Amino acid sequence: MKRFLPWIIVAVVLIGIYSWVKGINNTAVTLSQTVEQSWGDVQTAYQRRNDLIGNLVNTVKGAADFEKSTLTAVIEARAKATAITIDPSKITPEQLEAFNSAQSGVSSSLSKLLVSVERYPELKANANFLKLQDELASTENQILTARTRFNEAVMPYNTHIKTFPNSLFAGMFGFKEKAYFQAVTGAEKPVEVKF
């Protein structure tokens, strides 16, 4: 029995190390999948807004002799926003900034559209327009919630792969820090609304 004792100890230690490293990897994979699922929710919320914009533009176009430049700006901003795609497994701060910038253009164009609509009382009374306006407000809340949940999913993942000793193995397994959503530049300033 004594001659097998060193082999038993080595086997137990190796099994323990294997289990510990496997746990680090599996936890990182699980947390990474949560981040990717959260990113999918963010994209779904933005897609909902982009889908609603088409309906909103058509309703406005049909109900008012409307300023074409405003409608064109909304349509172009929507096209730019839908052109940007991000691989959720490789999210970088630069990619998120580009995505955020494009979505900010949509928000800005929508704001101008909704402010311009104030000059058209027959449009403000249009039931379809009012419903779309409510849908857009609801969608903006969904976007905020999805972005918040995305950041909440990124935090435990980043914490897991950056804490010692996990950080030693995370790099070897290919896990990299993921970027958080941050406010768009200038978001701290109040929006100026002119009628």
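Compared with the direct C-alpha span, the chain from Glu94 to Phe4 gains 26.8 nm at full extension, assuming 0.36 nm per residue. Sorting Thr92, Thr44 by accessible area puts them as Thr44, Thr92; the probe is 1.4 Å, largest comes first, and only protein heavy atoms count. Test of understanding: extend the Cα→C-beta vector of Gln43 to 7 Å, then name every residue of the range 144-180 with backbone N under 12 Å from that spot. Backbone N within reach: none found.
The values are calculated or read from the model by the stated rules, or taken from the named source; none is laboratory data. Remember, predicted model here, so these are calculated numbers, not experimental data. Please note: Cβ atoms are built from the backbone with ideal geometry, for glycine as well, and neighbour counts cover all protein chains shown. Quick note on the areas: whole protein, heavy atoms, side chains included, nothing else; ligands and nucleic acids left out. Shrake-Rupley method; radii C 1.70, N 1.55, O 1.52, S 1.80 Å.
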